[in-house]
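Have a look at the structure below before the remarks.
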Amino acid sequence: MTENTGLMEAINGPAEARKSGRSCVLNRRSFLLTSGVATATVMVTMHTAEGLAQVPAVVATYPRKLIGKLSELKPDEPLDFAYPDENSYSESMLVKLGREAGGGIGPDKDVVAFNYNCTHQGGPLQGTYQAGDKALGPCPLHLTTFDLTRHGMFISGQAYQSLPQVLLELDGDDIYAVGMFGLIYGRYDNLQG
Amino acid sequence: MTTPYYIPETNIPLPPTDADVISTACDYCIVACGYKVYRWPVRGGKVGGPKADQNAFGVDFPVEILGPWVAPNQYNVVLHENEPHHVIIIPDKDAKHVNINGNSSIRGGAIAQKVYNPQTPTRDRLKSPMIRMFGVLMPVPWDFALDIAAEVGKHVIEKHGANAYCVKTFSYGYMENTYAITKYALRHISTANFTFHDTPSDVTSTPGFRDAGFDNFGPSYEDWRDADTLMICGTDPYESKTILFTDWIMPAIQGGQKTIFLSPRNTAGIAYAVKNGGMWIDLLPGTDLPVVLAIARVIVENGWQDEEWIRKWVNNKSESSSGFGQGTRNTPWQWRTTWGKFQTGGFEDWTKWLLEQDYAVPEKAAEIAQIDVAKIYTAAEWLAKPRDDGSRPKASFMIEKGFYWSNNTGNTNAISALGITCGAGGRPGQMIGRAGGHQRGGLRGGKYPRNKSPEKLPGRRRRAMDTDRYLMSGHTRLAHVIGNTWIQSMCGSQSLSAKFEELTVQNPHQIRSFDKQEIIETLKKRADSGGMVVFDQDIYLVDPIGARFADIIFPAAGWGEDTFTRANGERRIRLYPKFYDAPGEAKPDWWIIAQLSKKMGFEGFDWNNSNDVLEEGARFSRGSRKDFFMVKVAAQKEGKTLHQKLGEFGTDGIQGPVMMLEDGSLEGTKRLHDTTRKLPDEGAAGANVFNKKLTHFNSQTGKCNIQKAPWSLFSDYWEWLSPKGDELWTTSGRINERWQSGYDDRRRPYIVQRWPENWVELHPEDAAARGIENGDYVMLYSDRIPVQVDTIIGIEGDDFTFTKLMDNGHIKLEKAAITAVAIVTPALKKGVMYMDFLHTSQPANALAGRVVDWISGNYNYKMGVGNVKKIGESPYKHDFRSMSFARRDIA
């Protein structure tokens, strides 16, 4: 238990670790971290003023799924895929923004992927990609827009959290989805539905 | 280097089927959406499951679109009856009004983050009373703090007079609290040194509405929806009262409503309207009046005015003058008519005046406002041009602070006249009113003693005291500040702050003792020496009023921590029940005031709970727009408390004024001034009251006064302010993601990531000319912030004009500077800078002139001017984790 709390602390910082240690309901992430189930830590590359920084993200039991090839991506042409499963609200998009982005992969750090469902009331964001602003939206329901260069942070609108970002890995020319940042709309747990 | 970032959770616990469900409403904007709190004990480790029969929502997960999804930001843990409980707070999916089917904004949607939880950034809630001893705020018991406060308060009143005791309070922090506070300040202390959070003087916010006869909140939300043409002035409801836009205006636009916006800044709601056939009139700050009157001019020149309505509902000369000249001329209406600048002899007289005004010629108005003149003609057509079949478009008019805090009297007079011309004000879909800012939680427990105010205007009229100017003159010896951000919330903030510092911490009489009596004597000496003592009553320690200047801190309890009552922007009155324990020793404001009052020897404060306060206050709501007295009558009949009875209405609430029908049931009021409403011929039965405003207007005759709105009363100030050299207009307003000073939002990692600090929007051409790019740190500064000084007695009609004040040395020019992160966006009018209106550390109001609208006494907060220059790069310029520089007007 002690070493697992240590792992939590290393990954999420002492405040989060304390919270999880005292948490009355064991959320899935802490459950996985404290009961020895296989856990992977993925480093998300973020650009900072000083250059590239590796920020750890917690990923647990997400499938590693081939979703596209870097050489086949054209700037500003989103490619649809499903992740982390094929169930409701798994619709996601992969896009080469042509501009460096938080969590972006590839030589230009501009390839990112996001879930397509608005994190306000679940409005579908398919077909709302804005090439000029590197944004998704406005959501047809309540007009929220999301900045794809900023980890899916909302630009304007009502969303309760950033658009879930699909974490990517590049293996040669192959792009793999390996995890998610943020709860997918409609679900109470990204992996359980 | 790190900048604020936020790692979202990827799961949440679901409420079990037996979770407590508490109906309430949002604490934030005027709309007050209905919410439900799901609460269940942590003890036992029980959580709900994903099947419909396993959770309190009764739905299967994943939920449908628009379903009861729970984002991690909607979950928290609280103490309830001293036991840890889970809470999930989501909009009420069963709501039948306001946010029908449970929509929410980004503010209310994440309101679960507001509640006190020591494991979150809310951990710095004020938890015990504090006294500043040896320069440090130290926790003390309630009695210790209250004994000192009462002794010092009594001394100040006895020695320096009631006006030396200033009460600066929120106007809306629930009716139970505002009743207690006003009873204390106005009925018992009877100080004229009293005002609310958003104005230096206790005066009406919309003088033109008052004189025309319009209530600020007459319309119902369906009136905004049902208008064929809706003119929205000085706000984008999407940016500030979201659900009013998304649930009422957006569907109307989809159904063909023509929506016209007056604003220097384009935002998502405006962009949506424009994309769907609406219009953005992109005027310069302060130029609304010529544009509004030019639209009216086009209408009357074409004969498109609503003749029938005007004949029936507009006062003619004798009606306008009725009641005039009797008794003391100490009422605003008589003063204005005496003075002759506003009164007309009816519609024809007004039209004659209008046609004589050169600034109301469309081409001239367009030049002043820097807009395309075609927009004036189009607006006139949409608002008033009869259709081929002779029917008229139903036009409604919505105003908010960008409009009425730019040229307070002039703009509100002009829009009232335009509204009347178009037949708006008293029919379904044809209304005029405010959109609203905060909710309506005022209940007056005393009358403002205007005769005690030193503000004397020409015509022997007294106006409510300008509390800022009085304080600057050194007359305020005790400032009791309740739940607001006095100093940054007022104009010319920085010189005001300097004066506070001089009167408090720089005064030699500072507490350097542990002895209660010595502490009292020290604070008395402070007041007697010309200094000032400060009490601050709030939920967080506000900088600087609490953190730096206060001698005594009273920790307050807020939303969800006691049971309260409040109305929204369509007068919908609802109960906000207590659902968890307030932090530490924090107490509701009514309780704090009651203890202080009793210690000061005032009678009538023996309340046991918040229901007692409201039951006492109910009769003071009579005749007001949120008259709920009959709810109390019904409660008593049914053997219930008033709170119990109000709670029965759930998130539906009931719209004031409330009446009782013959069968004892209660009926609300959909809209005020409803000329289509039929009241019983036999009159009001039982304890019911039929106030004039139910079916007529708030004027002496029940008809509207159509008034002149001379540009010259304001244009000297506007021209003096207008940017010189490299200066730009500076203005400010709300953004969707932050509520008021951001006291909650600063404690939400998700919002802090988006808006880590103050920012300023600049037009690309203005930015390029100054070498400014997205993410640069800029300095906004001015060495000519006009500040009105001296309390003078007005004799001549123009003594209070800006020009005269300047000539006579009553305007001082001061310096001000704030920093901000630049956002370069074509969404803004060229020549204008726009900021969030209330960052405590970088307040936009520092650059707004502290000169009151000389007719009304309000500040024109939106009128500022300053220079801007780059001082370096912010950490956000090259970072992807915080802040976004993408444009907010993507449609």
Percent of all alpha-carbon pairs of the protein assembly as shown at distances over 53 Å, whole number, is 17 percent
Cross-link table B:LYS452/B:LYS525; B:LYS456/B:LYS804; B:LYS447/B:LYS692, entries beyond 18 Å C-alpha to C-alpha = B:LYS452/B:LYS525; B:LYS447/B:LYS692
Report ³J(HN,Hα) in whole Hz for each residue of the stretch A:63-69, in order, from the Karplus equation J = 6.51 cos²θ - 1.76 cosθ + 1.60 where θ = phi - 60°; Gly and Pro get x.
-> x, 9, 10, 6, 10, x, 10
Pull up all non-local amide H partners of A:ARG150: gap of 5 or more, or a different chain, and H-to-H distance under 5 Å with H placed in the peptide plane.
-> A:GLY102
Sort the following peptides by mean Cβ neighbour count (other Cβ atoms within 10 Å, averaged over residues), highest first: B:16-29, B:235-248.
-> B:235-248, B:16-29
Between the alpha carbon centres of the stretch B:409-474 and the stretch A:70-146 the gap in Å comes to 49 Å
Calculate the spin-label point distance for B:GLU796 paired with B:GLU158, positioning each point 7 Å from the Cα along the beta-carbon direction, and give it in nanometres.
-> 4.7 nm
Alpha-carbon centroids, the stretch B:353-400 and the stretch A:155-183: separation in whole Å = 49 Å
Quick one: length gained pulling B:GLN636 to B:GLU873 fully straight, 0.36 nm per residue minus the C-alpha distance?
-> 78.9 nm
Relative contact order [Cα under 8 Å, 6+ residues apart], chain B, whole percent | 18 percent
Per-residue mean of C-beta atoms belonging to partner chains within 10 Å, peptide A:175-184 = 3
Cα-Cα pairs in the stretch A:65-181 separated by more than 25 Å, as a whole percent of all pairs, come to 13 percent
Amide H neighbours of B:GLN439 under 5 Å, at least 5 residues apart or on other chains, H built in the peptide plane: list them.
-> B:ILE30
Difference of contour (0.36 nm per residue) and Cα-Cα distance, B:GLN254 to B:ASP389 | 46.3 nm
Over the stretch B:672-818, equivalent-ellipsoid semi-axes from the Cα gyration tensor in Å = 43, 30, 16
Estimated distance in nm for a label pair at A:ASP108 and B:VAL505, the labels positioned 7 Å out from Cα along Cα-to-Cβ = 5.2 nm
Per residue of A:145-153, count partner chain C-beta atoms within 10 Å of its C-beta, then hand back the mean as an integer.
-> 6
For the stretch A:140-193 (alpha-carbon point model, no solvent) the Debye-based log₁₀ I(q)/I(0) at q = 0.26 Å⁻¹ works out to -1.04
For the stretch B:1-109, listing trypsin sites (Lys or Arg not before Pro) in a DSSP loop whose Cβ sees at most 16 other Cβ atoms within 10 Å gives B:ARG43, B:LYS46, B:LYS51, B:LYS96
Where a ≥ b ≥ c are the square roots of the eigenvalues of the C-alpha gyration tensor, would you call chain B rounded, which needs a/c under 1.5, or, failing that, prolate if a/b is larger than b/c, or oblate?
-> rounded
Is there a simple number for the mean count of other chain Cβ atoms within 10 Å of the Cβ of residues in B:105-113, and what is it?
-> 3
Please report, largest first and rounded to whole Å, the three semi-axes of the ellipsoid equivalent to the stretch B:8-116, where each semi-axis is the square root of five times an eigenvalue of the C-alpha gyration tensor.
-> 21, 17, 12
What is the Cα centroid distance between the stretch B:743-775 and the stretch B:544-562, reported in whole angstrom?
-> 29 Å
For the pair B:LYS352 and A:LEU70, the simple spin-label estimate (label points 7 Å beyond Cα toward Cβ) gives in nm 8.1 nm
Restricting the stretch B:701-735 to trypsin sites (Lys or Arg not before Pro) in coil, as DSSP defines it, with at most 15 other Cβ within 10 Å = B:LYS724
Ordered by packing density, taken as the mean number of other Cβ atoms within 10 Å over each peptide's residues, highest first, how do B:450-457, B:531-538, B:752-759 rank?
-> B:531-538, B:752-759, B:450-457
Value of relative contact order over the stretch B:358-401, rounded to a whole percent, pairs C-alpha under 8 Å and six or more apart = 21 percent
How much of the DSSP beta bridge set in the stretch B:207-434 is antiparallel, as a percent to the nearest 5?
-> 5 percent
What is the antiparallel percent of DSSP beta bridges lying wholly in the protein assembly as shown, to the nearest 5?
-> 70 percent
From phi via Karplus (6.51, -1.76, 1.60), per-residue ³J(HN,Hα) for the stretch B:207-219 in Hz, x at Gly/Pro | x, x, 5, 4, 6, 6, x, 9, 6, 4, 10, x, x
Among DSSP beta bridges lying fully in chain B, give the percent that are antiparallel, nearest 5.
-> 60 percent
List the residues whose amide H sits under 5 Å from the amide H of B:VAL42, counting only those 5 or more places along or on another chain, with H placed 1.01 Å from N in the peptide plane.
-> B:HIS85, B:HIS86
Report the chymotrypsin sites (Phe, Trp or Tyr not before Pro) located in the stretch B:101-167 that are in a DSSP loop and have at most 11 other Cβ atoms inside 10 Å of their Cβ, or state none.
-> B:PHE134
Under a straight-distance cross-link criterion of Cα-Cα below 19 Å, which lysines are reachable from A:LYS134, leaving out those fewer than 8 residues away in the same chain?
-> A:LYS74, A:LYS96, A:LYS109, B:LYS877
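Throughout, read-outs are computed from the coordinates displayed, never taken from laboratory work. As the structure is a prediction and not an experimental result, all values here were calculated from the model. Please note: Cβ atoms are built from the backbone with ideal geometry, for glycine as well, and neighbour counts cover all protein chains shown.
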